[in-house]
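Heads up: the structure comes next, in structure tokens.
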């Protein structure tokens with residue numbers, strides 16, 4: 001597996017720190033507004049990465065934060081006459097609602113900044129003690145020139161930063177390029193956004209939170225750190241400076257950044273009036289169509305959004321759905337006892353995985369899937385039952401297991417059959433093989449067959465009498 005690393009500017013072999021265990025941190029949202037298409041691009045990207053790593057035998061620990069204290073959040077809460085906590089909770093709830101619709105696997109942990117204040121204060125104190133940071137009239141700043149490696153990720157020199165930065169009114173920092181680790185409370189600010197510290201009441205700056213939470217929950221060196229390309233500078237550059245100054249170790253082995261969503265080739269943003277919430281998009285297009293659309297371009301490239309592009313995605317996914325349902329229909333007449341000939345579709349699965357091994361190239365992997373669709377349709381009525389069963393398993397594994405797109409459902413099954421199927425899948429996950437076998441027999445006695453997939457799920461078929 002090869003991954004493009006923003007830090008090196010090159011694609012190279014993925015070698016995690018601990019063999020088959022991967023520590024992955026992804027920058028989460030600042031929940032001052034509803035989840036939008038830019039969020040979907042980022043989190044579908046890292047969901048694909050996580051799924052492919054898992055399908056490739058890696059055990060992934062995925063941590064994604066919520067920045068639940070921030071200037072934008074404070075400002076927006078004031079406009080809506082809400083507390084910061086109320087606004088954050090509301091929009092975090094919306095985030096989960098929309099991401100669940102997109103079938104995004106939940107991270108192992110979703111820490112909030114406000115849950116990590118003591119750890120943040122201790123981290124800042126360490127930087128001050130080591131001479132990398134300095135307090136100034138209640139604020140604390142990181143001294144950029146004290147960290148020799150500053151600018152490696154973004155390719156910017158400190159002198160370039162100095163030339164393009166000025167000290168704003170109210171800032172007390174020594175140099176223009178220095179950045180805030182701790183912000184002194186203002187008299188008019190409420191107590192809910194202020195914490196006691198060695199430097200007086202205040203709250204964390206933006207960048208410090210991710211250094212602290214990544215280190216706390218994943219360790220001093222992590223394998224993958226991800227986010228949008230707009231986070232490369234200053235956020236991720238500053239994270240490196242903070243973390244490596246604090247512990248003297250490499251912070252991240254592989255930096256992965258997804259491209260922007262554009263509208264008419266301009267970056268989507270509220271200021272340009274071309275901003276789309278997921279809620280509004282889902283009113284016109286099903287989430288699985290939106291997810292498919294987000295996979296049609298390599299994750300590092302810009303993705304241009306329009307209703308026409310979503311219609312094209314709907315047509316393309318509809319073709320895949322049609323082939324899959326036709327294939328399942330032929331399997332209902334498969335002879336009893338027929339077994340999948342898995343080796344017959346191994347070439348397709350290998351080509352698909354190879355495409356994802358090339359820096360998670362979903363555009364290329366979708367091309368493999370569409371070629372597979374043509375193969376299925378061309379042999380629909382001539383292939384032996386074992387081959388067709390293998391095709392159905394492979395199709396499900398690719399579409400759902402790797403790409404996270406729920407396969408289309410044939411005619412609805414009775415609730416009791418769905419329940420039996422779920423019980424059997426749970427038994428298989430728990431390696432209760434005798435129970436799983438007895439549930440399989442009960443399904444067959446009721447006239448159904450469960451076609452097992454490698455990821456522990458199963459495809460239910462109605463056997464024709």
In region 193-212, anything more than 10 Å from residue 117 (Cα to Cα) and part of a helix (DSSP H, G or I) is listed as 193, 208, 210, 211
Which members of region 152-164 meet the condition of being at pLDDT below 95, crowded, with 17+ Cβ neighbours inside 10 Å and assigned to a loop (DSSP other than H, G, I, E, B)?
156
Taking region 360-382 and keeping residues more than 16 Å from residue 403 (Cβ to Cβ) and either surrounded by fewer than 20 Cβ atoms within 10 Å (Cβ to Cβ) or within 18 Å of the chain's Cα centre (by Cα) (or both) leaves 374, 375, 377, 378, 379, 380, 381, 382
Of all the helices (runs of 4 or more DSSP H) wholly in region 266-351, which have at least 1 residues that are closer than 30 Å to residue 385 by Cα?
287-294, 307-331
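Anything in region 197-211 that is buried (at least 24 other Cβ atoms within 10 Å of the Cβ) and more than 20 Å from the chain's Cα centre (by Cα)? List them, or say none.
We begin by selecting, within region 197-211, every residue buried (at least 24 other Cβ atoms within 10 Å of the Cβ); these are 204, 208-211.
Hits for region 197-211 are 204, 208.
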Going by the structure shown, is residue 397 closer than 28 Å to residue 302 by Cα and modelled with pLDDT of 95 or more?
no
So for region 176-192 (the condition being in a helix (DSSP H, G or I) and either surrounded by fewer than 23 Cβ atoms within 10 Å (Cβ to Cβ) or not assigned by TED's automatic domain parsing to the domain that holds residue 83 (or both)), does at least one residue qualify?
yes
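For residue 374, state whether it is assigned to a helix (DSSP H, G or I) and either at pLDDT 95 or above or closer than 25 Å to residue 269 by Cα (or both).
Numbers: assigned to a helix (DSSP H, G or I): yes; either at pLDDT 95 or above or closer than 25 Å to residue 269 by Cα (or both): yes.
Yes; evaluated as a whole, the condition is true for this residue.
The values are calculated or read from the model by the stated rules, or taken from the named source; none is laboratory data. Quick caveat, the model's predicted, so the values are computed rather than measured. All Cβ positions, even for glycine, are placed from backbone atoms using ideal geometry, and neighbour counts span all protein chains on display.
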